[in-house]
1. Kindly indicate the residue of region 131-162 that is closer than 19 Å to Pro106 by Cβ and among the β-branched types (Val, Ile, Thr) and also surrounded by the fewest Cβ atoms within 10 Å (Cβ to Cβ) among those meeting that condition.
2. Give me the pairs, please: first residue somewhere in region 116-137 and within 16 Å of Gly16 (Cβ to Cβ) and in a helix (DSSP H, G or I), second residue anywhere and at pLDDT 95 or above and among the hydroxyl-bearing types (Ser, Thr, Tyr), beta-carbon distance under 7 Å, and either six or more positions apart or on two chains.
3. Here is a check on your reading of the model: is Arg74 closer than 25 Å to Glu136 by Cα, buried (at least 16 other Cβ atoms within 10 Å of the Cβ), out of contact with any strand residue (DSSP E or B) (no Cβ under 9 Å at 6 or more places or on another chain) and modelled with pLDDT of 85 or more?
4. What pairs come up if the first residue lies in region 6-29 and is of a type in the set (S, T, N, Q), the second is part of a loop (DSSP other than H, G, I, E, B) and modelled with pLDDT of 95 or more, and their beta carbons are under 6 Å apart, counting only those six or more places apart or on different chains?
5. Checking Trp140 against (1) part of a helix (DSSP H, G or I); (2) touching a helix residue (DSSP H, G or I) at 6+ places or on another chain (Cβ under 6 Å); (3) within 19 Å of Gly22 (Cβ to Cβ), which single condition isn't satisfied?
6. For region 16-46: of the residues being polar (S, T, N, Q) and assigned to a strand (DSSP E or B), which is modelled with the highest pLDDT?
7. Looking only at region 100-113, count how many residues are in contact (Cβ under 8 Å) with a residue 40 or more places away in the chain and surrounded by 14 or more Cβ atoms within 10 Å (Cβ to Cβ).
Amino acid sequence: MPAIRKLQCNIQPWTGKCYGTGLCNQRILFLGESHYQNGPADQSTPDDTGYVIRRAMGKETEGRQNPFFTKLRRLVSGDDCEVTTFWESVAFYNYVQWLVPTSRRPTQEQWRDSFPYLIEILGELKPTRVLIIGLEMKSWLLSLSTDGRGLFQNGEELSFVVPRGNSIPALGIRHLQAKGFTYRGRNEVRAFLFGQTV
């Protein structure tokens with residue numbers, strides 16, 4: 001897979017060095033919701049996502065590690081995959097392209113205005129599977145999808161349709177930081193991502 005170019009979005013996605021070959025031969029895009037910040041919401045940098053992933057890998061020492069990323073890795077691979085290997089094999093993208101103040105939710109405008117960036121990301125990264133982390137985000141994506149592009153549901157199956165008609169299977173799960181989160185859905189997630197339990 002060719003190198004990923006810098007995209008038009010405000011906050012660039014994380015793409016691991018081995019994303020082209022993927023995790024268990026799947027190019028997986030984890031679709032998170034947003035970055036949060038205690039201060040003003042306009043101080044994002046293009047590397048915000050890269051920074052939090054490097055911190056999850058233990059390569060950044062400033063600040064504390066976010067348990068969200070540990071939960072995600074354990075949900076997908078248990079403890080079978082070494083931390084760095086896992087993150088270097090996947091892509092991660094936060095949908096909302098502006099920092100959201102802690103204790104607030106993204107605005108309707110942020111949900112809406114971030115949509116074109118997602119379509120660009122999907123077309124560029126060409127994932128074989130997308131894991132949507134958050135049922136509210138899944139609902140927003142379904143509501144924003146029009147003109148034959150975006151997230152569509154056919155019965156129980158979800159898929160993203162991107163320019164040139166490509167279809168990418170997707171699965172929406174409860175947010176990992178939601179109250180009462182458990183790993184009960186682990187087998188469903190693994191079956192979707194890899195066609196088997198890992």
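1. For region 131-162, the residue satisfying everything is Ile132.
2. If the second residue must be at pLDDT 95 or above and among the hydroxyl-bearing types (Ser, Thr, Tyr), the pairs left are Ile121/Tyr93; Leu125/Thr15.
3. Values: closer than 25 Å to Glu136 by Cα: yes; buried (at least 16 other Cβ atoms within 10 Å of the Cβ): yes; out of contact with any strand residue (DSSP E or B) (no Cβ under 9 Å at 6 or more places or on another chain): yes; modelled with pLDDT of 85 or more: yes.
Yes; evaluated as a whole, the condition is true for this residue.
4. Pairs found: Gln26/Thr128.
5. Condition not satisfied by Trp140: (3).
6. Step one: filter region 16-46 for residues polar (S, T, N, Q), giving 21, 25-26, 34, 37-38, 43-45.
The next check asks that each one be assigned to a strand (DSSP E or B); those that pass are 26, 37.
Values: Gln26: 96, Gln37: 76.
So, considering only residues that are polar (S, T, N, Q) and assigned to a strand (DSSP E or B), the one modelled with the highest pLDDT is Gln26.
7. Within region 100-113, the first condition is being in contact (Cβ under 8 Å) with a residue 40 or more places away in the chain, and the residues that meet it are 100-102, 106, 110.
Those left that are additionally surrounded by 14 or more Cβ atoms within 10 Å (Cβ to Cβ): 100, 106, 110.
Number satisfying all stated conditions: 3.
The values are calculated or read from the model by the stated rules, or taken from the named source; none is laboratory data. These figures come from a predicted structure and were not determined experimentally. When we count neighbours, we look across all protein chains shown, and the Cβ atoms used for this are built from the backbone with ideal geometry, even at glycine.
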